[in-house]
1. From the list ARG149, ARG137, which one is at pLDDT 90 or above, under 24 Å from ARG62 (Cβ atoms), more than 19 Å from the chain's Cα centre (by Cα) and surrounded by 14 or more Cβ atoms within 10 Å (Cβ to Cβ)?
2. Which residue pairs have Cβ atoms under 7 Å apart, sit 6 or more places apart or on different chains, and have a first residue in the stretch 55-72 that is closer than 24 Å to GLY134 by Cβ and a second that is assigned to a helix (DSSP H, G or I) and of a type in the set (Lys, Arg)?
3. Might you check whether a residue that is over 30 Å from GLU60 (Cβ atoms) and in a helix (DSSP H, G or I) occurs anywhere in the stretch 153-166?
4. Is it the case that the stretch 170-179 has a residue that's over 30 Å from ALA44 (Cα atoms), surrounded by 17 or more Cβ atoms within 10 Å (Cβ to Cβ) and in contact (Cβ under 8 Å) with a residue 40 or more places away in the chain?
5. Mind listing just one residue for me: the one in the stretch 100-127 that is under 56 Å from the mean Cα position of the chain (by Cα) and loosely packed, with under 13 Cβ neighbours inside 10 Å and, of those, nearest to LYS78 (Cα to Cα)?
Amino acid sequence: MKIYKLLDSVKRAWETIILFNKQLGERGVWVNVAYIAVAAISAAAGGYATYDSGQQRKKESRYQADVAAENALAEKDKAKYDAKMHRENVQRVLASQRALYGKSGLTGEGSPLLVMEESAKQGEMDALAIRYGGDIRASQQRSASNLYRMQGKNAARAGNIGAGSTLLGGASNVASGYRQMSKDHPG
């Protein structure tokens, strides 16, 4: 929608130039008309380029934000899987301990029981630490995703402001050209 406004501005500038030329009618006016036309077209092209650059940076940032969001999910899933694998490994170790205790004639009471309970407790603490580490990494990726989205919005906003600034500068040049043309060819 914004590009149509930009093109409409160029069209109106050109129509104004043609109107000026018809009103002034002198041969020398073409130099000033050309200056005004070039200033208007340059402003329009520069404005569009600045606007488009901001939109492209916004798209790039959106893509990076989407990748970071996917990475956050992957980190969380990986931590969940790693914690599950760790718990299964702890269960295998505990089963092996029980088998060795039984083979050596020890019962599952007293010191052997305390050792197995401590091993199970430490294994669960390790599994929780694995999950927590994954949550931290996922949170970092979500933060990066949010930062990319903000950068994209800011890039688009900067592109719009830059385009407006370029168009205003071009309008100033067009006005200067018209003022000079009016001085050179009064009438």
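1. Details: ARG149 fails: more than 19 Å from the chain's Cα centre (by Cα).
Within the list ARG149, ARG137, the selection yields ARG137.
2. These pairs meet every condition: ALA65/ARG149; ALA69/ARG142; ALA72/ARG142.
3. Applying the first criterion (over 30 Å from GLU60 (Cβ atoms)) to the stretch 153-166 yields none.
No, every residue in the stretch 153-166 fails to be over 30 Å from GLU60 (Cβ atoms) and in a helix (DSSP H, G or I).
4. Of all residues in the stretch 170-179, those over 30 Å from ALA44 (Cα atoms) come to none.
No, because not a single residue in the stretch 170-179 is over 30 Å from ALA44 (Cα atoms), surrounded by 17 or more Cβ atoms within 10 Å (Cβ to Cβ) and in contact (Cβ under 8 Å) with a residue 40 or more places away in the chain.
5. Just the residues of the stretch 100-127 that are under 56 Å from the mean Cα position of the chain (by Cα), to begin with: 113-127.
From the residues that got through so far, the ones that are loosely packed, with under 13 Cβ neighbours inside 10 Å too are 114, 117-118, 121-122, 125.
On the way: LEU114: 32, GLU117: 27, GLU118: 26, LYS121: 22, GLN122: 21, MET125: 17 Å.
Among them, the one singled out is MET125.
The values are calculated or read from the model by the stated rules, or taken from the named source; none is laboratory data. Small disclaimer: the values here were computed from a predicted structure and weren't measured. Note that we place each Cβ from the backbone using ideal geometry, even for glycine, and neighbour counts take in every protein chain shown.
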